């Protein structure tokens with residue numbers, strides 16, 4: 001098995017996930033992913049990693065912090 005199609009898919013993968021490929025590149029990546037178990041597993045891993053990072057990077061502000069920030073902004077505006 002030649003790795004060239006997989007290498008090309010690797011080049012396209014991040015843009016495929018970002019949905020920033022041209023139509024031709026999108027079809028090329030989608031066709032390869034539908035027929036290559038290795039690359040489709042990589043795609044699923046990258047997709048789940050992105051979802052994890054996105055959800056874990058969101059931190060809630062402690063209660064009262066927003067009002068404290070508003071208060072501080074008001075103090076800066078009058079200084």
- prompt: If packing is taken as the mean number of other Cβ atoms within 10 Å per residue, what is the order of 59-65, 47-53, 23-29, highest first?
  reply: 23-29, 47-53, 59-65
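Taking neighbour Cβ counts within 10 Å as the exposure measure, how do 38, 43 sort from fewest upward?
Arranged by neighbour count, lowest to highest, 38, 43 become 38, 43.
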- prompt: (i) 15.9; (ii) 19.5; (iii) 15.1: which one is Kirkwood radius over Cα pairs in Å as calculated from this entry?
  reply: (i)
statement: Residue separation between residue 19 and residue 60 times 0.36 nm, minus their alpha-carbon distance, gives in nm 11.9 nm
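Values quoted throughout were computed directly from the atomic coordinates according to the rules given, and no laboratory measurement underlies them. Since the structure is predicted, the reported quantities are computational estimates derived from the model, not experimental observations. Every residue, glycine among them, receives a Cβ derived from its backbone with ideal geometry; neighbour counts consider all protein chains shown.
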